[in-house]
Amino acid sequence: AGAICYSFVFIPEYGPVRGIWYSIFHAVSAFCNAGLDLLGDDSLVRYQVNPWMNFVTIFLIVSGGIGFIVWWDLLDNFKKVFHKDLSLKHGIQKLHVHSKITIITTLSLIFGGALMILLLEFNNTGTIGNFNFFQKIMASIFQSVTLRTAGFMTFSQSALRSCTVIICLFLMFIGGSSISTAGGIKTSTIAVLVLSTRATIKGNDHLVVFRKTIPHKTVTKALAVSMVSVLVLISATFLLQIVEGGSLLNVAFETTSAIATVGLSRDLTSTLHFAGKLIIILCMYLGRIGPISMAIFF
């Protein structure tokens, strides 16, 4: 479906053979949250004000990153609603707790991140400052989505303000959802940590979400995943800073992007020395196999 949608842009621009190839390649890349493209050094910058390209890419990234368990759950309940075995309200209520947490967290991160990016970059001519209001909203949503381990870009990451980069680090570190094509510590992990913190503050002994009790083992696993990932991130940033020097914010962006398998860079990747490349390669590999597997391995 994504390849067909892309073909409306790529075939007129590159011809039928190359256009079809580009459509298939970029659909796979977007759905698998790879972020690789065949368009040159500027990724999707040439399509930064093209709504069709932006929203097709956003749909593919979110589709791949939300998790296959969620898709199966949504499709199963949608079939029951379609055949009138369930009402729409009951169909939503019948979704698994995992699906509800994932969908709510994903939407919160996408639109919350987009709002922060819009406000912080509104007048930045290096990113979205020269766009009209709709284009600014579109570019902000795209940036918020692509940070969740996709890696495409519609404007230069090096032009982002420092405060925006901090938001980017947070979104990249969380990444996508469990059992998906995305990396990061996952949306369910951060959701469990936030909800567990809230329950502790309220003095509750058990974590209850949508009338279901989340096992204590799940909470401790979420904590372990986060702690191991933070330690790896700090260590990698420290080592890369020693090897490469320069801006600590750029180095942190580079290592977070690698560990979360995002692929975005503030123009640092192409300047890395041999040792720096080895560190980033290790970060990408460890980020892909997951922090728990990594901890068990060591």
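The values are calculated or read from the model by the stated rules, or taken from the named source; none is laboratory data. It should be emphasised that the depicted structure is a prediction, and the values quoted were computed from it without experimental measurement. Using ideal geometry, Cβ is built from the backbone for each residue, glycine included, and neighbour counts are taken over all protein chains shown. To get the accessible areas, we keep the full protein, side chains included, count just its heavy atoms, and leave off ligands, DNA and RNA. Shrake-Rupley method; radii C 1.70, N 1.55, O 1.52, S 1.80 Å.
Restricting the search to the range 216-237, which residues are farther than 20 Å from I289 by Cβ and touching a helix residue (DSSP H, G or I) at 6+ places or on another chain (Cβ under 9 Å)? Of everything in the range 216-237, those that are farther than 20 Å from I289 by Cβ and touching a helix residue (DSSP H, G or I) at 6+ places or on another chain (Cβ under 9 Å) turn out to be T218, V219. When R266 is tested against (1) assigned to a helix (DSSP H, G or I); (2) of a type outside the set (A, V, I, L, M, F, W, C); (3) surrounded by 13 or more Cβ atoms within 10 Å (Cβ to Cβ), just one condition goes unmet, and that condition is (1). All of I201, I214, I179 fail the test of being over 17 Å from L107 (Cα atoms), surrounded by fewer than 24 Cβ atoms within 10 Å (Cβ to Cβ) and in contact with a strand residue (DSSP E or B) (Cβ under 7 Å, 6 or more places away or on another chain), apart from I214. Scanning the range 123-139 for residues that are among the β-branched types (V, I, T) and open to solvent by 40 Å² or more (accessible area, probe 1.4 Å) yields T125, I137.
Contact annotation: no residue pair with Cβ atoms under 6 Å, 6 or more positions apart or on different chains, pairs a residue in the range 7-27 that is more than 14 Å from W52 (Cβ to Cβ) with a partner that is open to solvent by 90 Å² or more (accessible area, probe 1.4 Å). Being polar (S, T, N, Q) and either touching an Asp or Glu at 6+ places or on another chain (Cβ under 6 Å) or under 14 Å from L264 (Cα atoms) (or both) is the requirement here; does T146 meet it? Yes, satisfied.
Only one of the listed residues (L195, L147, L160) is open to solvent by 40 Å² or more (accessible area, probe 1.4 Å) and closer than 20 Å to L109 by Cα. That residue is L195. Consider the range 42-64 and keep the residues that are part of a helix (DSSP H, G or I) and of a type in the set (S, T, N, Q). The one that is surrounded by the most Cβ atoms within 10 Å (Cβ to Cβ) is T57.
Do we find that S87 is more than 25 Å from I4 (Cα to Cα) and touching an Asp or Glu at 6+ places or on another chain (Cβ under 9 Å) in this structure?
no
Meeting the requirement of 2 or more residues that are touching a Cys at 6+ places or on another chain (Cβ under 9 Å) and over 25 Å from I289 (Cα atoms), the helices (runs of 4 or more DSSP H) wholly within the range 93-196 are 97-121.
So for the range 100-123 (the condition being in contact with a strand residue (DSSP E or B) (Cβ under 9 Å, 6 or more places away or on another chain) and farther than 26 Å from D37 by Cα), does at least one residue qualify? Within the range 100-123, one or more residues are in contact with a strand residue (DSSP E or B) (Cβ under 9 Å, 6 or more places away or on another chain) and farther than 26 Å from D37 by Cα.
The residue pairs whose first member lies in the range 228-250 and is touching a residue at least 24 places away in the same chain (Cβ under 8 Å) and among the small types (G, A, S), whose second member is surrounded by fewer than 19 Cβ atoms within 10 Å (Cβ to Cβ) and in a helix (DSSP H, G or I), and whose beta carbons are closer than 8 Å, counting only pairs six or more residues apart or on different chains, are A236/L282. Every test in (1) more than 28 Å from S177 (Cα to Cα); (2) out of contact with any helix residue (DSSP H, G or I) (no Cβ under 8 Å at 6 or more places or on another chain); (3) open to solvent by less than 60 Å² (accessible area, probe 1.4 Å); (4) not in a loop (DSSP other than H, G, I, E, B) is passed by V9 save one, and that test is (2).
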